[in-house]
Amino acid sequence: MFGKGIGSTMNIGQKIYTTDGSVLQHISIAHNGFMTILLKSGAIGLIILLVTIWLLYNQKESDIYLVRNINLLLMGTSIFY
């Protein structure tokens, strides 16, 4: 429910040498934000994320040009997330 703070990496059991000379043994298996937030902060963190995205998307219409453009920017950001 609250998450365990674990990451989204997996131990592959062998060392892999990259072209820049570093060594990898853990690779990322969960690339999307929902899975990372679920692993780090649990269902409560995921609910907070979804509510925040909904609040960013659900902006009131305004007659002021600058406010309308900021609302469109926030809507685009929430769709991206």
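Taking the criterion of being among the basic types (Lys, Arg) and modelled with pLDDT under 70, the only residue of the stretch 1-27 that qualifies is Lys4. Scoring Ala30 on the criteria (1) in a loop (DSSP other than H, G, I, E, B); (2) at pLDDT 75 or above; (3) surrounded by 13 or more Cβ atoms within 10 Å (Cβ to Cβ) leaves a single failure, condition (2).
The values are calculated or read from the model by the stated rules, or taken from the named source; none is laboratory data. Bear in mind that the values here come from a model prediction, so they are computed numbers and not experimental data. FYI the Cβ positions are ideal-geometry reconstructions off the backbone, even for glycines, and counts take in every protein chain you see.
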